[in-house]
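This report concerns only the one structure given below.
The values are calculated or read from the model by the stated rules, or taken from the named source; none is laboratory data. Nothing here was measured: the structure is a model prediction, and the numbers come from that model. Please note: Cβ atoms are built from the backbone with ideal geometry, for glycine as well, and neighbour counts cover all protein chains shown. Surface accessibility is based on the protein's heavy atoms, side chains included, excluding ligands, DNA and RNA. Shrake-Rupley method; radii C 1.70, N 1.55, O 1.52, S 1.80 Å.
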Amino acid sequence: MDFVRRGWLAALVFSLPAIAHAQPHDFTAVDDAVQTIIAAGDVPGAVVLIGQGDETLYHRAFGWRTLVPDPLPMTRDTIFDVASLTKPLGTTLAVMALIERGSVKLDAPLGRYVKEFRGQAFEGVTVRRLLTHSAGLPAVPTNPVVASGFPRAAANLAKLKLDYAPGSGFQYSDTGFILLGELVRRVAGDPLDRHLDRLLFRPLRLTDTSFHPPAAQRGRIAPTEFHNGHLLQGEVHDPRARALGGVAGHAGMFSTATDIARICRMLLDGGALDGRRIFKPATVQLMWTRSQEGRGTRALGWDMTSGLATIAAPYFPAGSVGHTGFTGTLVWIDPSSRAYVIILTNRVHPSGGSSAAIRDLRVRVTAAAAAALFRPTLPVPAVLPTPAADPPTDEALVVPAPPVPTAVRSGLDALVAQDFAIVRGHAVGLVTNHTGIDAQGRRGIDLLASAPGVKLQAIFSPEHGIGGEVDADVPHGRDAATGRPIWSLYGPTRRPTPEMFRGVTAIVFDVQDVGARYYTYLATLLYVMEEAAKHDLPVIVLDRPNPITGRVVEGPLLDPDLVSFTGPHAIPVRTGVTIGEFARMVVAERKVPVRLTVVPLEGWDRRQWFDETGLGWVNPSPNIRSVTQALLYSGIGLLESTNLSVGRGTETPFELIGAPWIEPVSLADRLNQLKLPGVRFEPVRFTPTGDHYARIACGGVRFIVTDRDAIRPVTVALAVASALRERYRGQWRAENIQNLLVNRNTMWAFLRGEPLSRLIAWTEIDRENFLKRRASYLIYR
């Protein structure tokens, strides 16, 4: 490889996740995904292009370019309104060029270039924050604000109130990119379209890319919707861009898959293509480096792992970048492998289209493309693990005789026995719910409210609310018994705010976990500790048992760049830790500067199940009503982000799965043939009253746990997933497993149809390293 030509990108090649070169790429699943959705009538047509380096691996057109007034077939050279792809492929590149030549400073305030934004109020609205959607600006301005055009629109935008302090959060903002487009005009001396024509379109010979396509190209343009009685074809769909004359920083570009591929190739080649240099390699590196602004989920002008990236980032390797557009467009690029995917559709034609359908198409295409492109080498023997194979290096996993049932004392019971010594003199903010009770059934809320020398200042509730019964966003409230405010941490905000912390001098956390990574009480604890650290508040965690034992660790580790509210840290699916041990781990490994104290359980053994502790069972959430359901949830929960019923709306959630299109007897027979330890599968028919398929008859299987120490629920879930994918590929949306699996290697292997033994081997790759990490945080033997 030419290191001078490739620059910084060359070094990344040596860490890429093993690209499939030895055999031809199989993109059959891409064909299937697009054809299925178009056949359903949800999207008229699409063009998909997949490339790697200078090679086009796949380029196909599907469906219809126009449906009205006359149906015309889609062609590969169709020109699309790319909507918000204007942001990374147009405006961002224009701004980066100005930064490269020194005309714009990345950390300078916007007011240096757009005078209407001068002054203290906008000092934190920097170019970097505009590019990362973290400048505090409103998401979308109303049409009248920009209808007068620039420069008057700048004065109108400056009158808008900031939604949050610049740099303190993330909010996708058309407003910010509209202003970046104006910045380009004022600094470069040309409107954005002319500047890009000179900088990018002509040098790269992008003959089908522009803001105002010429009349000669009209016949190749995919129309969008009707506006004021006429069909938008060659006129921008976005109303703000239309109000600004079709040229705006957030939308307005038209292009083809071929032209966009040339932009991708130029960027992947370090800023040059066909002998024409557009950027220095360092500029591309700067643009694609993860920014710490906006909670660290974006690069400059490009998405990486924000909530908007879940259609592609979980399937492409860590470090990949991309963007989507409202009209049904997507580009996603992996710099390490130099691979990219382009999806262009006219999903809004002729009357708005389905947002669910285009999300489904994007997920299925990017997942299928990634599974074909990326083929890591399995570094361990592909042998199906059994309970006896648990590594002897982890003493907690060596299973002697079962523990003798003893009366375990929770962290709350220990705190009461210590006469609340650790919180005396404090105004306490208590994070709790209905599970926060002592051995006598008394609420921790009431105990702290009446404790000598303690003031209960505020109460915070996690998902499901203070009573554990809400299956939706939870509003703030007030506790009837104590009169204290109850601040919801599962609503508009999932982190405590300064207002919520007002008057609090210490945080106490007392919530029963269930031992699964995606159970959101873990994320709530982490977020509370991170915010407490900012306010120098100590955090006291009152520990409670892992109800499904602390002995077994199962499932793949979460890929660290994909942390989220349902995946807060790089731990396995079945965690094998208590919530107090998890607190110790994340504080140390994420370097959270909080003063943490864990009040430990007394008398708990890692081998103990919850029903062996002597503590009273309280449903930790509405659909986990027993230890068995908690155990099965630690695997079967992986499937609930797909279009399966996992038994919500029945008497036995997580003890069965099903869908209207499943034939139960043959599925049960197939799964029983695997002879998985600790479980038997029975065919079942059921009709859930809520959630997926409410009041619709479903066929499926019931899980009969025959040995709870032997069953491995993640293995069970992957076995079910593999069997369903074999039988019901057209009906089942398997790609969404990755929402909670969050491990690319395992997901790629699953999508390629690798056998169950290899899938389980993939899940176990990082097990030993995790057990070593875990060891220093364990409190109990």
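The heavy atoms of D691 present about 90 square angstrom of accessible area, all protein chains included, probe 1.4 Å. The fraction of accessible area contributed by carbon and sulfur in segment 200-321 is 51 percent, rounded to a whole number (1.4 Å probe; ligands and nucleic acids excluded).
Working note: Cα gyration tensor of segment 225-364, eigenvalues times five, square-rooted, sorted largest first, giving semi-axes of 27, 19, 15 Å. For D766 and A588, a Förster radius of 22 Å and the Cβ-Cβ distance give a FRET efficiency of 0.80, rounded to the nearest 0.05. Segment 239-272 and segment 44-71 have their alpha-carbon centroids 17 Å apart. Rg over Rh for segment 509-578 works out to 0.98, both radii taken from alpha-carbon positions and Rh defined as the Kirkwood radius. The R205 and A356 beta-carbon pair, evaluated with R₀ = 56 Å, returns a calculated FRET efficiency of approximately 0.90.
Rolling a 1.4 angstrom probe over the protein heavy atoms with all chains in place gives segment 196-241 an accessible area of 47 Å² per residue. Secondary structure note: in the chain, about 75% of the DSSP beta bridges are antiparallel.
Along its principal axes, segment 25-168 has C-alpha extents of 55, 38, 26 angstrom, given from the largest down. Remark on F509: its backbone amide H falls under 5 Å from those of V431, I540, V541, L542, a criterion applied only to residues 5 or more positions apart or on other chains, H modelled at 1.01 Å from N.
Among the chymotrypsin sites (Phe, Trp or Tyr not before Pro) in segment 648-689, none sits in a DSSP loop with a Cβ that has at most 12 other Cβ atoms within 10 Å.
Computing Rg and the Kirkwood Rh from the Cα coordinates of the chain gives a ratio, Rg/Rh, of 0.98. Orientation-averaged projection of segment 154-313 equals 11.4 nm² [convex hull of Cα atoms, one quarter of hull surface area]. Each Lys and Arg Cβ is given +1 and each Asp and Glu Cβ -1; about its Cα centre, the chain then shows a dipole of about 1800 debye. Of all the C-alpha pairs in segment 440-594, what % are more than 24 Å from each other? That tail contains 33 percent of the Cα-Cα pairs. Across all C-alpha atoms in segment 110-243, the radius of gyration and Dmax reach 16.6, 50 Å. Ratio of segment 656-781's C-alpha Rg to 2.2 N^0.38 Å, to two decimals? Dividing the Cα radius of gyration by 2.2 N^0.38 Å gives 1.19.
With a cut-off of 11 Å between beta carbons, the residues surrounding P498 carry a summed charge of +1, where Lys and Arg count +1 and Asp and Glu -1. Within 10 Å of each candidate Cβ there may be at most 16 other Cβ atoms; applying that plus a DSSP loop requirement, which trypsin sites (Lys or Arg not before Pro) in segment 544-607 survive? Sites meeting the loop and neighbour criteria: R590, K591, R595.
With R₀ fixed at 25 Å, the C-beta to C-beta distance from F565 to E602 puts the FRET efficiency at about 0.20. Counting only alpha carbon atoms, the long axis of helix 257-268 and the longest principal axis of the chain meet at about 70°. A simple spin-label model places pseudo-atoms 7 Å from Cα toward Cβ; at R695 and R729 they are separated by 3.6 nm. With the dipole of segment 696-759 worked out from charges on the C-beta (+1 for Lys and Arg, -1 for Asp and Glu) around the Cα centre, which of L718, L756, Q731 lies farthest toward the positive end? About the Cα centre, the residue reaching furthest to the positive side is Q731. Both radii are taken from the alpha-carbon atoms of segment 655-695; with Rh as the Kirkwood radius, Rg/Rh is 1.03. Remark: segment 531-677 is approximated by an ellipsoid whose semi-axes, taken from the C-alpha gyration tensor as √(5λ), come to 33, 19, 15 Å, largest first.
Residues whose amide H lies under 5 Å from that of S210, counting only those 5 or more places away or on a different chain, are F254; hydrogens are built 1.01 Å from N in the peptide plane. Rounded to the nearest 10 square angstrom, H323 shows an accessible area of 10 square angstrom against a 1.4 Å probe.
Among P677, H230, A243, whose Cα projects farthest towards the positive end of the dipole of the chain, with charges put on the beta-carbon of Lys, Arg (+1) and Asp, Glu (-1)? It is A243.
Extents of segment 428-505, largest first, come to 35, 28, 18 Å (Cα atoms, principal axes, whole angstrom). In segment 613-714, the inverse of the mean reciprocal separation of distinct Cα atoms equals 13.9 Å; this is its Kirkwood hydrodynamic radius.
Under the convention that each Lys and Arg Cβ holds +1 and each Asp and Glu Cβ holds -1, the size of the dipole of segment 58-152 around its Cα centre is about 240 debye. Summed over qualifying helices (DSSP H, 4 residues or more, each -39500 (n - 2.57)) and divided by its residue number, the chain shows a 222 nm mean residue ellipticity of -7500 deg cm²/dmol.
Protection proxy ranking of 325-337, 526-538, by the mean of other Cβ atoms within 10 Å over each peptide's residues and highest first, is 325-337, 526-538. For segment 148-213, the set of trypsin sites (Lys or Arg not before Pro) satisfying both a DSSP loop assignment and a count of at most 16 other C-beta atoms within 10 Å is given as K159, K161, R205.
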